[in-house]
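Undergrad: Quick one: the structure is below, questions incoming.
The values are calculated or read from the model by the stated rules, or taken from the named source; none is laboratory data. Just so it is clear, the structure is predicted and the values come from calculations on it, not from any experiment. Positions of Cβ are generated from backbone atoms using ideal geometry, with glycine treated the same way; all protein chains shown enter the neighbour counts. Calculation scope for accessible area: heavy atoms of the full protein, side chains included, ligands and nucleic acids excluded. Shrake-Rupley method; radii C 1.70, N 1.55, O 1.52, S 1.80 Å.
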Amino acid sequence: MIVDPPNPENRFMNCVRMELSTKRINEAQFDLVADIRFGKHEIPIRRYGRAIFGLKKGKLIVKLTNGETPLRNIKLNKKFQTVVEVKVQQEKGKEGQITGKLGGKTQGIGGETKQSSREGKEYTYKAYQVNTEGGLEDPTWVFECKIEKFLEGILCESELACIDVKEKPCSLLATFEIKDSDDIYLVNGSLFWQKDITKTKTAVIYRMIVNRLVEELLQEKPYLSRQELVHG
């Protein structure tokens with residue numbers, strides 16, 4: 001029998017709300033299924049008023065007891081592509097030089113940069129927002145924003161992995177964690193409404209607020225969400 005606790009702990013529910021469940025395959029295997037919602041959350045910060053934030057990156061870490069997940073059992077993952085599509089804008093310089101545009105910068109082949117008129121075609125690449133890491137007993141899913149400024153949307157009934165039961169009871173502890181201020185996007189803060197602050201001061205204040213925000217988020221517990229499941 002699999003027992004799913006009805007109330008996972010979501011400390012900042014509007015930022016990340018995680019609800020895990022299981023589906024029995026047979027006596028020796030079950031699927032781990034995730035419903036996750038990402039968004040923005042408002043929180044008071046000492047000395048800085050209130051701030052609205054979202055996540056640029058976070059990790060869903062699953063620690064297994066009496067169970068394991070071989071690579072073949074990982075389901076929600078970034079598949080390795082032997083051929084990839086990359087967005088490139090070919091340009092022809094005034095002197096006939098062909099240049100390539102990557103990530104918004106125009107660089108001449110051979111290291112030179114020239115003003116040019118655009119010609120040719122654009123090619124697109126796929127931006128994956130989830131990847132995997134970890135081992136047999138601690139599979140980990142890394143969510144990272146690739147399109148917008150922060151993670152936003154709902155992941156519904158997505159199978160994370162098939163768990164091989166080595167011995168009963170088999171249990172798991174899942175936590176959604178951030179590492180540092182680089183994982184946070186500050187959507188708004190009260191000090192940013194002041195119009196007499198220079199861009200340099202704004203950047204400094206932004207970093208101070210984000211650092212304090214991370215301290216506030218993690219000072220009591222080292223995770224944003226937590227849930228335990230038991231396969232008895």
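Undergrad: Would you point out which residue out of Glu152, Glu148 is more than 18 Å from Leu76 (Cα to Cα) and surrounded by fewer than 19 Cβ atoms within 10 Å (Cβ to Cβ)? Walk me through it before giving the result.
TA: Values: Glu152 fails: more than 18 Å from Leu76 (Cα to Cα).
After ruling out the rest, the residue left standing is Glu148.
Undergrad: Out of all the residues in the stretch 156-182, which are of a type in the set (S, T, N, Q) and not in a strand (DSSP E or B)? Don't jump to the end; show me each part of the working.
TA: Step one: list which residues in the stretch 156-182 are of a type in the set (S, T, N, Q), which gives 158, 171, 175, 181.
Ser181 - this is the single residue of the stretch 156-182 that is of a type in the set (S, T, N, Q) and not in a strand (DSSP E or B).
Undergrad: Can you tell which of Leu173, Leu191 is modelled with pLDDT under 80 and open to solvent by less than 70 Å² (accessible area, probe 1.4 Å)?
TA: Values: Leu173 fails: modelled with pLDDT under 80.
After applying the criteria, what remains is Leu191.
Undergrad: Would you call Thr202 without any contact (Cβ under 8 Å) to a residue 60 or more places away in the chain and either open to solvent by less than 50 Å² (accessible area, probe 1.4 Å) or in a helix (DSSP H, G or I) (or both)? Before you say what the answer is, go through the steps one by one.
TA: Details: without any contact (Cβ under 8 Å) to a residue 60 or more places away in the chain: yes; either open to solvent by less than 50 Å² (accessible area, probe 1.4 Å) or in a helix (DSSP H, G or I) (or both): yes.
Yes.
Undergrad: Condition first: within 16 Å of Thr69 (Cβ to Cβ), part of a strand (DSSP E or B) and touching a residue at least 60 places away in the same chain (Cβ under 8 Å). Can you find one or more residues in the stretch 7-15 that meet it?
TA: Going through the stretch 7-15, the residues within 16 Å of Thr69 (Cβ to Cβ) turn out to be none.
There is no residue in the stretch 7-15 that is within 16 Å of Thr69 (Cβ to Cβ), part of a strand (DSSP E or B) and touching a residue at least 60 places away in the same chain (Cβ under 8 Å).
Undergrad: Another one. Across the stretch 215-232, what is the number of residues that are part of a helix (DSSP H, G or I) and open to solvent by 40 Å² or more (accessible area, probe 1.4 Å)?
TA: Here is the first cut: in the stretch 215-232, the residues part of a helix (DSSP H, G or I) are 215-218.
From what is left, the residues that are open to solvent by 40 Å² or more (accessible area, probe 1.4 Å) are 215, 218.
Result for the stretch 215-232: 2.
Undergrad: Right, something else. Going through Lys63, Lys23, Lys40 one at a time, which residue ends up being open to solvent by 80 Å² or more (accessible area, probe 1.4 Å) and either among the hydrophobic types (A, V, I, L, M, F, W, C) or touching a Gly at 6+ places or on another chain (Cβ under 8 Å) (or both)? Before you say what the answer is, go through the steps one by one.
TA: Values: Lys63 fails: either among the hydrophobic types (A, V, I, L, M, F, W, C) or touching a Gly at 6+ places or on another chain (Cβ under 8 Å) (or both); Lys23 fails: either among the hydrophobic types (A, V, I, L, M, F, W, C) or touching a Gly at 6+ places or on another chain (Cβ under 8 Å) (or both).
Only one candidate passes the filter, namely Lys40.
Undergrad: Exactly one condition in (1) at negative phi; (2) surrounded by 12 or more Cβ atoms within 10 Å (Cβ to Cβ); (3) at pLDDT below 90 is not met by Gly120; state its number.
TA: It is condition (1) that Gly120 fails.
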